[in-house]
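Single-structure report; data block below.
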Amino acid sequence: MDWAVQSGAGIRVEWGQAGARALGPHSAALVVVDVLSFTTAVSVAVDAGTAVLPYPWRDDSAEEFAVRHDAALAVGRRAISPQRPWSLSPAALRNAPAPPRLVLPSPNGSAIAAAVSGVPVVAACLRNATAVAAWMTRQGWGTADRPIAIVPAGEKWPGQDTVRPAIEDWIGAGAVVSGLAATGAGPLSAEASAAGTLYEGIIDVPGLISECTSARELAGMGFGDDVAVATEMDATTAVPVLVEGMFVDDGADARVGDAESTRPC
């Protein structure tokens, strides 16, 4: 189904786990964008030297997974303690001691990262969008023969398994698209073009995101600082790449080039 995988485009964009499963096998690399807050949290942790292990569920199995991998476990935002100061909150992570390894459960960005195998997976957000685009261009990705799939995670409606398209993730995806297009990558699919055009047309990205549904939810919960961290535009050059199940900085350059990829339809 060429129409489903945006065949012929070098930069492709689709939503959520279903989008990752559709585009991933036909891509040279996949970019996960979950601005509020998984990929922002990953960027903060990697900045501090922590390797992040994505995990889709926050339940007893997450505890077992962390023990098996000799890693600390992030808990719910309201469940942090002196013993476990790590959560999906980027602001909390910034203030906590940096463990060597951290399991970071998330039903959105983390689940997407775990949904695709056989291609390099990169965590992007507004803090590192330009760095991610430049790094991926250096790998030779972003052409019709070696396309990049960009997957805005979206959110889940409370009590449902239905994806809510989240404007912050669409904007984050657009930031990566814009950076790639500036390096000459392409052509862009219609979806990628729309995301990039939206991003480039916004005068005040942090201001707009601070008023979006997800940001209002976090602010109402008392986590407005997470929105401030998430909108630190291009604050880091770290590029978290999933290597052996862990997001680490782009020092893994030589290894990801050897990862198996499937040619596009």
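The values are calculated or read from the model by the stated rules, or taken from the named source; none is laboratory data. Only a predicted model underlies this, so the values are computations on that prediction, with no experimental measurement involved. Every residue, glycine among them, receives a Cβ derived from its backbone with ideal geometry; neighbour counts consider all protein chains shown.
Quick rundown of the values:
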item: Single condition residue 198 does not satisfy, out of (1) of a type outside the set (Phe, Trp, Tyr); (2) within 25 Å of residue 111 (Cα to Cα); (3) without any contact (Cβ under 8 Å) to a residue 60 or more places away in the chain; (4) surrounded by fewer than 24 Cβ atoms within 10 Å (Cβ to Cβ); result: (2)
item: Residue within the range 229-242 that is at pLDDT 95 or above, in a helix (DSSP H, G or I) and not basic (Lys, Arg) present; result: yes
item: Subset of the range 141-175 (residues that are in a strand (DSSP E or B) and either in contact (Cβ under 8 Å) with a residue 60 or more places away in the chain or buried (at least 18 other Cβ atoms within 10 Å of the Cβ) (or both)); result: 148, 149, 150, 151, 152, 155, 163
item: The range 201-228, subset free of Cβ contacts under 8 Å to residues at least 40 places away in the same chain and assigned to a loop (DSSP other than H, G, I, E, B), residue surrounded by the most Cβ atoms within 10 Å (Cβ to Cβ); result: 202
item: Residue match in the range 62-82 (condition: free of Cβ contacts under 8 Å to residues at least 12 places away in the same chain, surrounded by fewer than 21 Cβ atoms within 10 Å (Cβ to Cβ) and not in a helix (DSSP H, G or I)); result: yes
item: Residue match in the range 31-38 (condition: among the hydrophobic types (A, V, I, L, M, F, W, C), out of contact with any Lys or Arg (no Cβ under 8 Å at 6 or more places or on another chain) and surrounded by fewer than 22 Cβ atoms within 10 Å (Cβ to Cβ)); result: no
item: Residue 94 charged (D, E, K, R), closer than 20 Å to residue 169 by Cβ and either surrounded by fewer than 21 Cβ atoms within 10 Å (Cβ to Cβ) or touching a residue at least 12 places away in the same chain (Cβ under 8 Å) (or both); result: no
